[in-house]
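Data block below; observations after.
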Amino acid sequence: MDRMTSQQRLAALGAHLVARGLTIGLTEKGLRVTNPHAGGCCDDAAHPADTITCHARREDDGRMWFWTSWGEPITDASKVILGNLAGGGGR
């Protein structure tokens with residue numbers, strides 16, 4: 001059985017995303033991920049960013065999943081996060 005905590009999972013994901021050029025900050029709310037290479041939507045958001053959380057998904061027998069800040073489960077974490085923060089519109 002995998003006994004990694006949510007924070008440990010987020011830290012591991014963060015290390016993977018840093019290697020791909022994103023900046024991260026592990027906070028009490030989750031993993032704040034920012035793409036410093038893409039323009040944001042407005043003055044208040046200079047770069048695309050999201051706060052990723054990790055918690056059990058009831059529909060998957062309580063297994064741990066990553067989630068976007070808008071409550072969507074992430075199936076392939078790095079692929080989805082990189083796509084969401086690529087810039088050029090989106091959320």
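Here are a few things to note about the model shown:
- Qualifying residue in region 2-13 (condition: polar (S, T, N, Q) and touching a Cys at 6+ places or on another chain (Cβ under 7 Å)): yes
- The listed residue being surrounded by 13 or more Cβ atoms within 10 Å (Cβ to Cβ), touching a helix residue (DSSP H, G or I) at 6+ places or on another chain (Cβ under 6 Å) and under 17 Å from SER69 (Cα atoms), out of ILE24, ILE52: ILE24
- Scan region 27-36 for residues that are touching a Gly at 6+ places or on another chain (Cβ under 7 Å) and either over 10 Å from THR51 (Cβ atoms) or open to solvent by less than 30 Å² (accessible area, probe 1.4 Å) (or both) and the total you get is 2.
Yes/no per residue for (1) farther than 20 Å from PRO73 by Cα; (2) not hydrophobic (A, V, I, L, M, F, W, C):
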| site | (1), (2) |
| --- | --- |
| MET4 | no, no |
| LEU10 | no, no |
| GLY14 | no, yes |
| ARG20 | yes, yes |
| THR34 | no, yes |
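The values are calculated or read from the model by the stated rules, or taken from the named source; none is laboratory data. Because the structure is predicted, anything quoted here is derived from the model rather than measured. Glycine also receives a Cβ, built like all others from the backbone with ideal geometry; neighbour counts cover every protein chain displayed. The protein model used for the area step is the full one, side chains on, heavy atoms only, and it has no ligands, DNA or RNA in it. Shrake-Rupley method; radii C 1.70, N 1.55, O 1.52, S 1.80 Å.
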